[in-house]
Amino acid sequence: MAFTFAAFCYMLALLLTAALIFFAIWHIIAFDELKTDYKNPIDQCNTLNPVSVTEIWTRDLFQLVLPEYLIHVFFCVMFLCAAEWLTLGLNMPLLAYHVWRYMSRPVMSGPGLYDPTTIMNADILAYCQKEGWCKLAFYLLSFFYYLYGMIYTLVSS
Amino acid sequence: TSVNKLLYAVSYSLCVYTQVETVLPPPQSLEGGIYPGTHVFLPFTAGWLTSPPFGYNYPAMQPGYQQSPTPRAGSSPSHGGYNAPGYQPYSQPFPSLSQLSTALGGLSGVSEQEVEGLRPVNLLQERNLLPLKRGTPAEPNLSSNLRKMNCSPDTFRCTLSSIPQTQALLNKARLPLGLLLHPFRDLTQLPVITSNTIVRCRSCRTYINPFVSFLDQHRWKCNLCYRVNDVPDEFMYNPVTRSYGEPHKRPEVQNSTVEFIASSDYMLRPPQPAAYLFVLDVSHNAVESGYLNVLCQSLLENLEKLPGDSRTRIGFLTFDSTIHFYNLQEGLSQPQMLVVSDIDDVFIPTPDSLLVNLKESHEMVKDLLNALPAMFTHTRETHSALGPALQAAYKLMSATGGRVSVFQTQLPSLGAGLLQSREDPNLRSSTKGVQHLGPATDFYKKLALDCSGQQIGVDLFLLSSQYSDLASLACVSKYSAGSIFYYPGFHHVHSPAQNLKLQQDLHRYLTRKIGFEAVMRIRCTKGLSIHTFHGNFFVRSTDLLSLANVNPDSGFAVQMSIDESLADTSLACFQAALLYTSSKGKRRIRVHTLCLPVVSQLSDVFAGADVEAITCLLANMAIDRSISSSLLDARDALVNAVVDSLEAYRANGSNLQLSGLTAPAALRLFPLYVLALLKQKALRTGTSTRLDDRVFAMCEFKSQPLKQIMRLIHPDLYRVDNLTEQGALHLNERMIPQPPLLQLSAEKLSRDGAFLMDCGSVMYLWVGKCCDEMFVRDVLGCPDYASIPPDMVALETTASERTRAFVSWLDSPPSFCHSVLLSVRDEPSAKSSFFQHLIEDRSESAFSYYEFLLHIQQQMSK
């Protein structure tokens, strides 16, 4: 069992993918909370908080977006260095998608993708939810793929 | 039991129950007196008209109309779709049409209105499509007692007055489904309910309304979520008839627009006092334009009429490259100016006495207003630090909330939020789309959100002559529920029309009703949901709108979708509840409920289409699309909307005519209105339009109520030099002539007449070269035609009683501020603003109406 650089990459990717899965789940829960807030049968005044749920979650989402993208970029760089072309190829579409998403975000001064004034539009909300589920599925599959890749590189040399 | 009854009777006779208050234009009379116990139910006429009803009294067809030649001999007169009680069936129906009407009438008991709404109209052949006068839309197909109780269409209107049962049916009709609301409209009759318990559904929290069903005396079924609730005991007693056991006779269940007095459960904090802050630009540019004089005069006149009570607070802030605060403490000999020059970190110089109690410091405020215009006459400052001034305003107002009125005359050039000039004048007439419709920075949006969180509404008055990036500045009002006013090229001497407009707007702005710290929630029957909101507010959660200030001149629109089939119900209901603090510190809830039938046939959907509401909703959608994607996309989408809906009608209906362009009578004006929309400043291409003008026109569409928007899109044109008494209205002992509406085409203008065009906020009076001398002399007060000055602002001091009566009647619906009347002479130089409204004509870059119809026909046959 040779502990090559590739195996090390896969191991690190495995751990970081766990973090990405966590982010994706948080993302999904955040949008679900935003969406179902109104169905809460609490009396009206309880929802009149000066800081709305919208603002809280949008703020949190700001803190999720950049770490997720940076971690993913880190993976790609690592696999590039380890010459794992198949894995790199599988991650390229997601990298391209992240770049496109960040370039076409609404005008804002801080980092972030979500504008509190438009996020409540049902089509934007639905899009973000779908995005969250797709990413969760992708990261889960990646997790198992990296697990396989790690065992393969450990065993096969 | 009888003891219970006695107890309730005694206890409630001690409280005041229901009041019918008359909301007169001076808002102070509202919320004032308390009327003991008496209650008057007005007979609610169709369509919730204030008494006396306008426009419903004209008897038969006006002779003027019958004489106008219709191109097709023997065709039925093209009225209908807008039904008056004096509706008369068409005299010569087509043979096949009578078969259609009997067939339809026999089959499903469809009313005459429905048949009329479905009557096929060949747009290419029938020219006179306009109704005689702009009236209220067709009524929904409900039983008459439901119709009586239903909400007024001026307050609450749906694009389809018969809701389709499923989303699939809605998609087949290719028409948008949405609501247009004007919830805080000035009302003359408003039932106010002061009971201790507000009866609401336990699960969905809907307020009890006229469309619930009482299962028996003690249980009621919610019409939105179908849950069965109990009737509380207090509700069983009806204070009006002093009877027990008839909960369905209570005023909440008899009126679809009611106002509740909210208890402390509905308050997060004690109701705030009315607080007004004026933030004024005093740079050199601003002083040159002279708006300060106009503003200070207006404020001095209207200081007592500002809505509020003894706790009302007022403050002033002026800024150029530094920020100036004014200490208005009563006791000082004169107002004291405090200058803060550190604009990167703005701080408030003194903790209080900058926002002072109006009653106590009345004299100081007046001194300041008298001195303010003169204080800055020799200023040399050319910079404008708007961003820091707004930050200072925010800090000053965050404790209480209230209204900030910002007056700006140029591009903010200093400090946070500074803006660059983004407009390229060479691209003003570009046909390839328009850039820079969205904000350049999110500074103003973030500030607006902060203000909204502290219940501060920011209103913007932009009085600039050059590009001021309204697209970015407008964000500060859009998300804090403020209003935007724009006076391009304002100068107190050189632009008398703008001057007059500012004066009139200020008068309305300072004296109109206002609500503070408001939230609005719109609920629909189970199965319908709202997915997009349009208007000036912040969407706090999926259906809760946060409005820091609410005023009677703003309208909202929402788009809906049908999530589940509505097959098991025959009525769909919508309720808009607005919780606000009145200017006198009382917490109130205004509730409007609308009920519409649910239909399962596509033809019924078309018969109930409300073309004005559809046009306004499409305008809102087009503006969103042009900001998020591109203007050309938005224009294409509008044309596609017409093509798709007419195709859907053709595919569905029995094909009476295969050639020509057939539309149902309910949608006969749809292509005309969409063409008018495409020629608006907001959406036009190919004609030189300044970017700020365009952005302002977009903001107007998104925030004005439906009536104003329709007048913007399709103004009313009348001939006024030959007003007759025929068919006139008699109102308050005055005789108001009712000339017919004319089509917006130069064909209808004639050299020897004078024509009035009502565009909502502005009215144009076009005088032909050979117009009757008597008219010119009497009505305009000029000795002859040649002496009418161009762009004269004709005031209401004309000698002719009839004309004046007509013009002031046009101007009179209480919700709008007064229009400015401009005169236009028949010569090339003075024409552009008037002629751009004649939308049926061809212009250098746009179709005429007939060409547009041909274009649509072409698109349909692809």
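The values are calculated or read from the model by the stated rules, or taken from the named source; none is laboratory data. Here the structure is a predicted model, which is why all the values come from computation and not from measurement. Every residue, glycine as well, gets a Cβ built from its backbone with ideal geometry; the counts of neighbours run over all protein chains shown.
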Please state which one of B:459, B:505, B:543 is charged (D, E, K, R), touching a Lys or Arg at 6+ places or on another chain (Cβ under 7 Å) and closer than 16 Å to residue B:704 by Cα.
-> B:459
Would you check which residues across the range B:538-548 are more than 10 Å from every other protein chain (Cβ to nearest Cβ) and either without any contact (Cβ under 8 Å) to a residue 12 or more places away in the chain or out of contact with any Phe, Trp or Tyr (no Cβ under 6 Å at 6 or more places or on another chain) (or both) and list them?
-> B:548
How many residues of the range B:217-239 are part of a loop (DSSP other than H, G, I, E, B) and under 36 Å from the mean Cα position of the chain (by Cα)? The answer is 7
Taking the stated definitions as given, is residue B:472 within 30 Å of residue B:574 (Cα to Cα) and either away from every other protein chain (no Cβ under 12 Å) or not hydrophobic (A, V, I, L, M, F, W, C) (or both)?
-> no
For the range B:358-380, does any single residue satisfy the condition of being farther than 20 Å from residue B:294 by Cβ and of a type in the set (Val, Ile, Thr)?
-> no
Among the residues of the range B:560-586, write down those that are surrounded by fewer than 21 Cβ atoms within 10 Å (Cβ to Cβ), within 12 Å of chain A (Cβ to nearest Cβ) and part of a strand (DSSP E or B).
-> B:561
Restricting to the range B:705-736, what's the tally of residues that are modelled with pLDDT of 80 or more and more than 24 Å from residue B:775 (Cα to Cα)?
-> 10
Failed condition for residue B:365, given (1) crowded, with 22+ Cβ neighbours inside 10 Å; (2) closer than 20 Å to residue B:447 by Cα; (3) not hydroxyl-bearing (Ser, Thr, Tyr), with all others met?
-> (2)
Just one listed residue, out of B:199, B:212, B:231, B:240, is at pLDDT below 85, surrounded by 13 or more Cβ atoms within 10 Å (Cβ to Cβ) and β-branched (Val, Ile, Thr), and it is B:240
Matching residues, the range B:746-779, being touching a Cys at 6+ places or on another chain (Cβ under 8 Å), in contact (Cβ under 8 Å) with a residue 60 or more places away in the chain and either surrounded by 14 or more Cβ atoms within 10 Å (Cβ to Cβ) or closer than 30 Å to residue B:704 by Cβ (or both) = B:761
Enumerate the pairs (first residue in the range A:134-148 and more than 17 Å from residue A:15 (Cβ to Cβ); second residue anywhere and not aromatic (Phe, Trp, Tyr)) with beta-carbon separation below 6 Å, excluding pairs fewer than 6 apart on the same chain, so at least 6 apart or on different chains.
-> A:135/A:24; A:136/A:24
Subset of the range B:264-292, residues within 14 Å of chain A (Cβ to nearest Cβ) and under 30 Å from the mean Cα position of the chain (by Cα), comes to B:266, B:267, B:268, B:271, B:272
All but one of (1) at pLDDT below 75; (2) within 14 Å of chain B (Cβ to nearest Cβ) hold for residue A:31; which doesn't?
-> (1)
Can you spot a residue in the range A:114-130 that is exposed (fewer than 14 other Cβ atoms within 10 Å of the Cβ), within 14 Å of chain B (Cβ to nearest Cβ) and among the polar types (S, T, N, Q)?
-> no
Can you confirm whether the range B:266-279 contains a residue that is in contact with a Cys (Cβ under 7 Å, 6 or more places away or on another chain) and not in a loop (DSSP other than H, G, I, E, B)?
-> yes
What number of residues within the range B:227-263 satisfy the criterion of being over 17 Å from residue B:149 (Cβ atoms) and away from chain A (no Cβ under 14 Å)?
-> 16
Identify all residues within the range B:525-556 that are in contact with a strand residue (DSSP E or B) (Cβ under 7 Å, 6 or more places away or on another chain) and of a type in the set (Ser, Thr, Tyr); write none if there are none.
-> B:525, B:529, B:532, B:546
Of residues in the range B:501-525 being among the basic types (Lys, Arg) and surrounded by 19 or more Cβ atoms within 10 Å (Cβ to Cβ), the one farthest from the other protein chains (Cβ to nearest Cβ) = B:501
Mind counting the residues in the range B:526-537 that are more than 18 Å from the chain's Cα centre (by Cα), within 13 Å of chain A (Cβ to nearest Cβ) and not polar (S, T, N, Q)?
-> 4
Can you tell me which residues in the range B:340-358 are part of a strand (DSSP E or B) and either at pLDDT 95 or above or among the polar types (S, T, N, Q) (or both)?
-> B:357
Complete set of residues in the range A:34-50 that are part of a helix (DSSP H, G or I) and either of a type in the set (A, V, I, L, M) or at pLDDT 50 or above (or both) = A:34, A:35, A:36, A:37
Please give the number of the condition residue B:705 fails out of (1) surrounded by fewer than 22 Cβ atoms within 10 Å (Cβ to Cβ); (2) within 21 Å of residue B:181 (Cβ to Cβ).
-> (1)
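Matching residues to (1) within 14 Å of another protein chain (Cβ to nearest Cβ); (2) more than 30 Å from residue B:503 (Cα to Cα); (3) among the acidic types (Asp, Glu):
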site	(1), (2), (3)
B:430	no, yes, no
B:439	yes, no, no
B:443	yes, yes, no
B:446	yes, yes, no
B:457	no, no, no
B:477	yes, no, no
Take residue B:716 and decide whether it is buried (at least 19 other Cβ atoms within 10 Å of the Cβ), touching a strand residue (DSSP E or B) at 6+ places or on another chain (Cβ under 8 Å) and over 20 Å from residue B:128 (Cβ atoms).
-> no
